[in-house]
Structure formats: structure tokens, C-alpha cells
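Worksheet: the structure to be examined is printed underneath.
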Amino acid sequence: TPVQIKEFGAIKKIDFSLVPPYNYAVTASSRIHIYGRYSQEPIKTFSRFKDAAYCATYRDDGNLLVAGSEEGSIRLFDISGRAPLRQFDGHTKAVHVVGFLSDKYRIFSGGDDYSSSLWDILSATEIVSYSEHSDYVRCGCASKVNADVFVTGSYDHTVKLFDARTGSSVMTIEHGQPVESVLLFPSGGLLVSAGGRYVKVWDVLKGGQLLVSLKNHHKTVTCLCLNSSGQRLLSGSLDRHVKIYSTTSYKVVHSFNYATSILSLALSPEDETIVVGMTDGVLNVKHRKPGERKEKSQKKRQPAYRTYVKGRTYMPKQEDFCVSKPVKRVLRKYDKLLRSFQSSKALDVVLEPPIRLYTPEVTVAVMQELHRRGTLRNALAGRDEKQINLLLTFVARRVIEPRFTSVLVTVADMITDIYQPVVGQSAIVDRQFLRLQEAIGKEIDYQEELLEVLGMMDTLFATFANKGATYLEENKSNGLIEAIETDTN
């Protein structure tokens, strides 16, 4: 279940520290909040800004934090302090882009004055300034491979690659839309740019050749993110969706739906937490469901042979008093989980093949118990494609059995309600939903036919009953007349 935190304004930037405990900085309005991974309140706040703050970014060692501002200055903070260590002045308008080069001693920046600059941390001076963009510079990133290379993206539809050793850009890429976010792969060979509805991947080593153009969003793409292994690319958009692409096929493998438009997103270094910032100031934090730890089965030492044969030949005497040993009651695994209120795990256990196939009444009984407790919905939620397929297969097969129908109809209703937003994303799940619909439809048709047959039979029985009554009445009346005639004679 996601954690939602309300900020003071639209969340423009989220950045994770690369060192434990993996805190993250959230830039919203004129403040920078530092959150712990599981904290719902900020553990530290930087608020020394006269106007809006932008793009708070951690250094790789997690000790320093740099941020731009609306008034055009750049501030460098020590995580353990509150006042800025350095202030860099040189931009004439708002600075929306700041970050550290991989050597950790220089900072790059980009602002609304169309310029990009490089700064020395030790002397707090400007090393070089580039004025090659013709519109606002709103995004940028640094190479992790080369300490002199950084990239900026602008609303003039271009992405420029700069080398600190030269006086001008070394590569210009035409994105075709105002660029909202750029991202370099860890290898430094691939560049991703986002702007308009498009996410485009470029080969830097081939001079900026376009490899693939992705158009999976309905509105402007605002942010990009990579997972730790580089195998998944995430994009957030104003259409309230986060799309997850495989970097081998560049196809959408998953998506998240949110309440409002998305401005920023970040993934923790261990891929355990995804944080999304929205236009209404809500910070949405989702944690990966912890995997079940495999219990190591240690082989117990077996008793010696003499333990088993000891006392076998003893015969009780007349004065002996025999005490019967009480039989120990062993609980089933699902009963233990139900006693410890682990609803989801209990449902997983009864969906295993030996129980599901040979004793389905146990599976349905556990579902009924969870529904009685009010935890069935929580147990059904948060499942992956394979588990949803298993649930729907069981329900579609057993819902037509009269002893299970009342419970499984409730289960089917809950599954449909929970997983309705993901319909269309998995062919396997969609097929199972259609099977369930077909099974219920056939059962309804059978019930209608049975009701028709029952109506016919009731009519026939009523007809036979009337005929039998008439026949008896006629016999009685004939017997009475014959008796009267006999008496008269």
C-alpha cells in the first residue's frame, strides 16, 4: 500500500542518496525536505531560499547537496548542517538544473538565461559558461564514465553534450519537442531524452544516432529514471502514468497509475522503493513487497536405536497405574498463518496444487474465513500476473459448483474490482477474465433452462392433481347413487 505525504507545492525533483540508509531529497516550493526511506515526516529541512528552490541533487558520497533557485543563485549544503557552505552567483535568471560531475569537485548548471555553466566547489568560482541554447535550459545530467562530460536539454528542442575541456558543445541532438528530461546510461554510450509525448534513445558513440522513439504516453513526459541494473527505464508523464520499459526490447513491461499529473520520480539504489512527486504536492511512496525468506531446514539428530526398543517388552503389573499420553494436535500450515493474521500467505498456501486440486473445499473455506474477518480484499490485492492467473483459473473452474458458488461469486467480484485498472496489460489475465465470464454466463443459462423446466413440471403436476380429484369425485357419486337404488329395491 503506497504512503502519501503532502508537500507545500508541486514536487519538482526527487533524488536518492547513493549511500545507506538511502535517504532522498524532495524539492517543493521554497524548501528541500530530506526523508528517510520509511519516514512519513522529514528528518531534515533546508529552507534558506527567498523564492522557489529547484533540482536538489546529492553528491555520490551523500555528504553534499546542491540546489538551484528562482533568484538565479546556486547553493551548496552540507547534509549535517543547515546553512549553505557555498553560494555560486552568475546566472541572471532562475536556475532549474544543477548537478555534480563525477569527479565530485565541480558543479554544472543550466538556467532560464539560456546559459550552461561549470563551477569549481573549492574556490566557488565559475570555470566556463556556454550560451548555445536559444531557450530555457530545464534538464541535465553528468556522465559517470568521463568526469568532464555533461548533458543539458532545453526548450529549444535540442540536447547538447558538453566537454569541460572545450569551449563549445561537442554534440547537438534534435529532439523535436521541448526537452523536459535527459538521462545517460551508466556506460555513457546511450542517451535518453524526453519531451512532448516522446521518449527517444540516442547512440552517443555513433554521433547521436536515433535508436528508438517511444510514444506510449498521452501527454507530456516530464521525468525519466533508470533502475540499478540498467535493465528497466521508467518514465513519468502528465497523463498520470509511470511506464516501465525493458531496455533490451524497449517495450512496456509494466505501468503504474496515479491520481494526478506526475512531475518527478526516483528509484532507490536497491530498487526497493519508488517515489513519485505530483503537481498537487502529493508525494507517493511505494515499497517493494518483501519476499518470503526460505527457511533452512536443518536435519535434526535422530534418537538412538535403544530409545525405540527401550521398554517394549515390559508388561504392566496388577498394581501399576497406566497413564495415557495426550495426543498432540498438529495445526495445518494455513491454520498457523490464520492464527498469526497473515491473510495473504494463508491464501497462498491453500492455492498450492495439492490443496487446490484435491481438496478445493479447504481453499474455499479459507476464503470464506478471510471474508468473515474482513481481510479477503487485502489478501487478494497486490498480486502479480502469475498469481492473478492462478486465482482466476480456480474461481472459473469451481464457481459453478453449488457448494462453492456463494463464496466464489464474492471472490470473483472482489478480483474484478481490484484488478479492473490493469485489464488490457496482460493477455494471460485477460483470457482468464473471459473464461470466468463465459463460465458464469453458461451457468446463468443453465439456471434459466432449469427454471423453465420446473415451471413446466409444476404445470403438469397441477394438471394431474385436478384430473385425479375429478375421477375420485365421480366414483364417489356413482357409488352413492347405486347404494340408493339398491336400498329402494
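The values are calculated or read from the model by the stated rules, or taken from the named source; none is laboratory data. The structure presented is a predicted model; accordingly, all values stated were derived computationally and were not measured. Backbone-built Cβ (ideal geometry, glycine too); neighbour counts: all protein chains shown. Areas reflect the complete protein model, heavy atoms only, side chains present, ligands, DNA and RNA absent. Shrake-Rupley method; radii C 1.70, N 1.55, O 1.52, S 1.80 Å.
Structure values in brief
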read-out: Hits in the range 74-93 - residues which are in contact with a Phe, Trp or Tyr (Cβ under 7 Å, 6 or more places away or on another chain) and open to solvent by less than 50 Å² (accessible area, probe 1.4 Å); value: Ile74, Phe77, Pro84, Phe88
read-out: Boolean, Ile400 is outside any helix (DSSP H, G or I) and in contact with a helix residue (DSSP H, G or I) (Cβ under 6 Å, 6 or more places away or on another chain); value: yes
read-out: Filtered residue count, the range 42-63, keeping only those that are touching a strand residue (DSSP E or B) at 6+ places or on another chain (Cβ under 6 Å), of a type outside the set (D, E, K, R) and crowded, with 19+ Cβ neighbours inside 10 Å; value: 8
read-out: Residues satisfying the stated conditions in the range 67-106, i.e. touching a Leu at 6+ places or on another chain (Cβ under 7 Å) and of a type in the set (A, V, I, L, M); value: Leu76, Ile79, Leu85
read-out: Any hit, the range 72-93, residues being in contact (Cβ under 8 Å) with a residue 40 or more places away in the chain and of a type outside the set (A, V, I, L, M, F, W, C); value: yes
read-out: Matching residues, the range 212-229, being open to solvent by less than 30 Å² (accessible area, probe 1.4 Å) and not in a strand (DSSP E or B); value: His217, Asn227
read-out: Among the residues listed as Val26, Val97, the single one being within 18 Å of Ala142 (Cβ to Cβ) and in a strand (DSSP E or B); value: Val97
read-out: Members of the range 4-37 found to be surrounded by fewer than 20 Cβ atoms within 10 Å (Cβ to Cβ) and among the hydroxyl-bearing types (Ser, Thr, Tyr), listed by number; value: Tyr22, Ser29, Ser30
read-out: One residue from Arg403, Arg372 being surrounded by 10 or more Cβ atoms within 10 Å (Cβ to Cβ) and either among the aliphatic types (A, V, I, L, M) or over 20 Å from the mean Cα position of the chain (by Cα) (or both); value: Arg403
read-out: All positions within the range 360-377 that are in contact with a helix residue (DSSP H, G or I) (Cβ under 9 Å, 6 or more places away or on another chain) and outside any helix (DSSP H, G or I); value: Thr375
read-out: Any pair with Cβ under 8 angstrom, 6 or more apart, that starts in the range 357-368 at a residue that is on the phi > 0 side of the Ramachandran plot and ends at one that is modelled with pLDDT under 90 and of a type in the set (Lys, Arg); value: none
read-out: Selection count where residues are of a type outside the set (S, T, N, Q), open to solvent by 40 Å² or more (accessible area, probe 1.4 Å) and under 24 Å from Arg383 (Cα atoms), scope the range 251-268; value: 6
read-out: Residues of the range 237-253 satisfying the condition of being assigned to a strand (DSSP E or B), closer than 24 Å to Lys12 by Cα and touching a Lys or Arg at 6+ places or on another chain (Cβ under 8 Å); value: Ser237, Ile244, Tyr245
read-out: Looking only at the range 77-94, and only at residues there that are of a type outside the set (Lys, Arg) and in a loop (DSSP other than H, G, I, E, B), the one that is nearest to Ser115 (Cα to Cα); value: His91
read-out: Strands (runs of 3 or more DSSP E) contained in the range 123-189 and holding at least 2 residues in contact (Cβ under 8 Å) with a residue 40 or more places away in the chain and of a type outside the set (Asp, Glu); value: 137-142, 149-154, 158-163, 179-184
read-out: Flag for Leu234 being within 16 Å of Lys13 (Cα to Cα) and surrounded by fewer than 19 Cβ atoms within 10 Å (Cβ to Cβ); value: no
read-out: Any hit, the range 185-201, residues being of a type in the set (Val, Ile, Thr), surrounded by 19 or more Cβ atoms within 10 Å (Cβ to Cβ) and over 23 Å from the mean Cα position of the chain (by Cα); value: yes
read-out: Positions within the range 45-76 being under 21 Å from Phe8 (Cα atoms), assigned to a strand (DSSP E or B) and not basic (Lys, Arg), in sequence order; value: Thr45, Phe46, Ala53, Tyr54, Cys55, Ala56, Thr57, Leu65, Val66, Ala67, Gly68, Ser69
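A quick yes/no check of all residues on (1) in a loop (DSSP other than H, G, I, E, B); (2) open to solvent by 100 Å² or more (accessible area, probe 1.4 Å); (3) touching a strand residue (DSSP E or B) at 6+ places or on another chain (Cβ under 9 Å):
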| position | (1), (2), (3) |
| --- | --- |
| Lys286 | no, no, yes |
| Pro303 | yes, no, no |
| Asp320 | yes, no, no |
| Lys325 | yes, yes, no |
| Asp335 | no, no, no |
| Ala346 | no, no, no |
| Pro354 | no, no, no |
| Ala379 | no, no, no |
